[in-house]
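What follows is one structure encoded as structure tokens, with my remarks underneath.
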Amino acid sequence: QVQLVESGGGLVQAGGSLRLSCVASGQTFSTYTMGWFRQAPGKEREFLATIFWIDGATDYADSVKGRFAISRDNAKKTVYLQMNSLKPEDTAVYSCAAKRGIASTRDYDYAYWGQGTQVTVSS
């Protein structure tokens, strides 16, 4: 089992950057595939990025490709989401998630979730 805690959210102007962090508990963080999702008010949860535990391969939603970057530091048990060129439509609660096995873009494939961190982008 793994517990996840996100941080790094906040208020930023359009065009700005933020880096979100997600720290995991437990001994086997390196064997989990990690993902980032977001949910805006009145909208469904949206996949953003995933990083495969074996080779670090990444995948991104088209809406954030080229602007967001997922990375991980297994020694620190942390996964990051670097967000650049932020837009007002990026405003949402951002959550990290963990799963065993292959990478996935589907939220229901992820077994463990953090509580989320709010990101607000002003115009």
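The values are calculated or read from the model by the stated rules, or taken from the named source; none is laboratory data. Just so it is clear, the model here is predicted, and its values are computed rather than measured. Here the Cβ positions follow ideal geometry from the backbone for every residue, glycine too, while neighbour counts run over all protein chains shown. Heavy atoms of the whole protein, side chains included, go into the accessibility calculation; ligands, DNA and RNA do not. Shrake-Rupley method; radii C 1.70, N 1.55, O 1.52, S 1.80 Å.
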Point to revise | Pair list, Cβ under 8 Å, 6 or more apart: the range 17-32 residue on the phi > 0 side of the Ramachandran plot, other residue open to solvent by less than 30 Å² (accessible area, probe 1.4 Å) and of a type outside the set (G, A, S) | key: G26/V2
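Of the residues that sit in the range 67-88 and are among the hydroxyl-bearing types (S, T, Y) and in a strand (DSSP E or B), which one is least open to solvent (accessible area, probe 1.4 Å)? Write out each step before concluding.
We begin by selecting, within the range 67-88, every residue among the hydroxyl-bearing types (S, T, Y); these are 71, 78, 80, 85.
Keeping just the survivors that are in a strand (DSSP E or B) gives 71, 78, 80.
Numbers: S71: 51, T78: 8, Y80: 31 Å².
Checking each candidate, the answer is T78.
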Study note, to complete from the structure: Given the conditions (1) free of Cβ contacts under 8 Å to residues at least 60 places away in the same chain; (2) of a type outside the set (A, V, I, L, M, F, W, C); (3) part of a strand (DSSP E or B), every one holds for D55 apart from (3)
Study note, to complete from the structure: The number of residues in the range 89-120 that are under 12 Å from I51 (Cβ atoms), open to solvent by less than 20 Å² (accessible area, probe 1.4 Å) and in a loop (DSSP other than H, G, I, E, B) is 1
Study note, to complete from the structure: Counting only residues in the range 9-45 that are over 19 Å from E89 (Cβ atoms) and assigned to a loop (DSSP other than H, G, I, E, B), the one modelled with the lowest pLDDT is identified as Q27
Point to revise | Within the range 49-66, considering residues that are under 19 Å from A24 (Cα atoms), open to solvent by less than 80 Å² (accessible area, probe 1.4 Å) and of a type in the set (A, V, I, L, M), the one nearest to the chain's Cα centre (by Cα) | key: A49
Exercise for review: Give me a count of the residues in the range 21-48 that are basic (K, R) and open to solvent by less than 70 Å² (accessible area, probe 1.4 Å).
Suggested key: 1
